[in-house]
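Structure first, then comments.
Quick note: the coordinates plus some simple rules give every number you see, no bench work behind them. Just so we're clear, the structure is a prediction, and the values are computed from it rather than from any experiment. With ideal geometry, Cβ positions are generated from the backbone for all residues, glycine too; neighbour counts draw on all protein chains shown.
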Amino acid sequence: MRRSRTSGARTTWTFVLLNTLFMVAGAAVAALALAPVFESSRYVIVVAVAAAAGACVTILADRLGRGPGFATLLIVIAYVAGGLGLAIPGALSDLDSVAASLLELVRGPVLGWKDIVTLPLPLGAYRGTLVPVYALFLVGTLLATWAAVRARRWWPLGAVVVGVMVVLAIALGPATRAPTPPWAPAGLYVTREFAIGLAAFLLMLGWFGWRSAYQRRRAISRAHGADRARLTRAPHLRNLAGAAAVAVMVMLGTVTAVLVAGPIAADTPREVARTVVDPRLTLDSAVTPLATYRSWFTDDAYDAVLFSVTVTEGAPQRVRVAALPSFDGESFSASAREGEAPVRFQRVPSTIPAGEDTVPAGVDIAIGAGGGIWVPLVGELGSISFQGARRSQLVDGFFYLPEEATGITAVEGGVVSGDAYRVRGNVPQEPLTLADLGPSPGSATIEASLIPPALSDWVARQEVSRDGEGLQELITRLRERGYLSHALEQPVDGDLPRWQEDLGEYAFASSAAGHSYDRIERLFTQLLEREDSAGDAGSASLVAAVGDDEQFAAAAALMAAELGFPSRVVLGARLADTDPAGYATAVCEAGECRGSNMTAWVEVQGADGAWAAADVTPQHESPLAPDTTALQDPEFASALDPERAEAIVPPSTQRGTTTEDEAADEEEPGGLTWLGPALRIGGISLLALLVIVGPFLAILAWKAARRRRRRRGEPASAIHSGWEEYLDTAVESGLDPLPLATRSETAAAYATANGAALATMSDRATFSGAAARDADAQEFWELVEADRAAWLAQRGWWARLRMRTSLRSVWHSVATPTAPPQAKQSRPGAHWRSEHTSGTGSRRSRRGTRGRRGRTKGGRS
């Protein structure tokens, strides 16, 4: 295979090593962007090994003169060896682990990124999450160094590969920006991400500068031979001026980004892969399970085994299916209300640390007739291990919300019959009761506007304390004055529903489903009306509220919010008897949880952050009083949202007036409310304009300043600088530089209208010894501007713009051939006369000028 090299000759070790160091440094910058995701020493080792292996493969292939096939073989060996030895912990522990790890090495580069962006941070060395990182830096460093060392024309692709690595590292990084470091000036928004981007830019800028200079030296060496090629250094002042110009441009860009982009970035949400990849769409489209609570009490589901639980460790009391903390006036759900930050379930690592005052509890759960997106769990999740034919799908699709101890699956169809898994959870060492919570923290999670007024009035009538004991008393009275019913209608003919048969001597009462604001309002209205009519006749005579766990769990959560407690509704089943009153549904017999065992309870949080659970099922032994049994809920209950309800104004005849009161006009928001958005839009537009147009304007300004500087000074110096301007303009117009040609030869090659006159005037000012006049310098610069105008006139609009903003003259002026030492002229004007007094010039005079740089006293030919 033909080798692609920077030159036809063999590259030197210096060239190879310097290019490799630049690319490895770029990989290190990308690694810094991804470091907060893992925060482990293994990550550092994996990245270092990957970058070193990629660079070594390139160097070995270059030194041996081998092609891409050889490099591919070596990189595959390095990937497998490093992946098994470093990227996957415990991969070599046994044969089964080796086989699973080999499969992970195949899967990781394609699908492993999903594990990185969905698991909670930091990842450490969890499972195979380091596999895609190892592949990225191994292959990325190989491609970058290969392009830098081996590519002839496409060597800039090395910078492109480094840029892609940095972008991918940022995209896979954390969703929150790093805080401004303490060393940053006050008021400036400077973060780690900004420093990483600036470091990558400066690194690649330095590499391009060094590589361009190396390319020029190699080109001259090939054209003229190593012995004849001699490069001169530009004057120190000129080097300093160029470096200062670059430094000023970089500094201006950095300051602009900090001052303009910083505040905009600080107020803009950070969007990376982690903020996009989550099961939020699954939750948004799912109906709250509390709304379908009564479906478990149909005859088909009542006796069906939804899931079975086998306790393997500890003594868990409840199986949690879903925790629902959010209430929007219509239903309790696990998703956030409109306008609030979305609830983000997340992937879980192999284990989650246990909280304080908890004990482990282990169970094996097998899904039966139940299913859906909700995954039954026990306590706070410690670890979960799926089994069965769909194991890999369930592992990839499981997500967990630690704040609510709720799990869901994003697998299509959810968990289905035949799925099984082992759960290791953490349950409270001593389960709390509501009375243990103490005083109310005053931080309810449900808005006061969503609490029905009838509920507030009923709570006020009970005259209980605003603490855990008071809440416990409220729930006890609510359960005693409620009446259990799972249906709106009772069958006229035929057998009784299974749930009604199990209740024994039971008097049916109609109850509408739902737990909206209006449904809870009517439930407490019934209680208030019954209290008004019954007085102090006793607890049995106060039974008025009809419903089941759906309404009473929602009511209990709203009562807790009325007292200032954070609360949530939890749906699940009981493994042990937790209800001293004996109202709750039966526990799962022999671990088989059927529809008849499903229940809902309320969990309330105290000031210390601990949660206490309480059963809320109403009693079913004391029936409704005769005067209330006839009052049935409407068949189609209308949901009422207080935030969207509008008052209906009665006619004027009913208000005792003859004219309608004009509605007060809504006041337009005053103040400069438009100023903030306008400034933000203007800042973003200005930043975009500076980013796009700024570099071109800077180049035009720098060139204009260079021309003014060259025209100043003594006439002879102005003429010499004018010749430099002529050469720079020619190179920028697309002509090749002629570093070894005399001025006359250069003018003939460029073939401009005034080239020959410019060469003659420049030689006269250089070699004649006669003092140049101001008029000569003025004439010289007029001729230079005329040729420049002619070059521009020959081009279209786009070509003229490229010529005006070209920097070819800067790159080509760094290295020009050095003239060998010349014999001292006996007379100042001898050399000039010898060339211009003969028709073609003698061989001797041409030898004297051929090797001369033509840049005597700062000039250039």
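Couple of notes before you dig in:
- Per-residue ³J(HN,Hα) for region 477-484, Karplus 6.51 cos²θ - 1.76 cosθ + 1.60, θ = phi - 60°, Hz, x for Gly and Pro: 5, 5, 5, 5, 9, x, 9, 6
- From phi via Karplus (6.51, -1.76, 1.60), per-residue ³J(HN,Hα) for region 74-79 in Hz, x at Gly/Pro: 5, 6, 5, 4, 5, 5
- For residue 382, residues with placed amide H under 5 Å, excluding near neighbours: 424, 425, 426
- Counting 0.36 nm for each residue step from residue 310 to residue 77 and taking away their Cα separation leaves a gain of 79.3 nm.
- Modelled spin-label separation between residue 41 and residue 774, with each label point placed 7 Å from Cα along the Cα-to-Cβ direction: 7.6 nm.
- Relative to one another, the C-alpha centroids of region 513-589 and region 732-767 are positioned 99 Å apart.
- The H on the amide N of residue 322, modeled in the peptide plane, is under 5 Å from the matching H of 571, each at least 5 residues off or on a different chain.
- Alpha carbon convex hull of region 408-481, volume per residue in cubic angstrom: 221 Å³
- A simple charge model with +1 on the Cβ of Lys and Arg, -1 on the Cβ of Asp and Glu and nothing else charged puts the dipole of region 292-428 at about 380 debye relative to its Cα centre.
- Cβ-derived FRET efficiency at R0 60 Å, residue 164 paired with residue 590, nearest 0.05: 0.55
- Extension gain, residue 435 back to residue 391 (0.36 nm per residue minus Cα-Cα distance, nm): 11.6 nm
- Based on alpha-carbon atoms, the Kirkwood radius and the radius of gyration of region 292-428 give Rg/Rh equal to 0.96.
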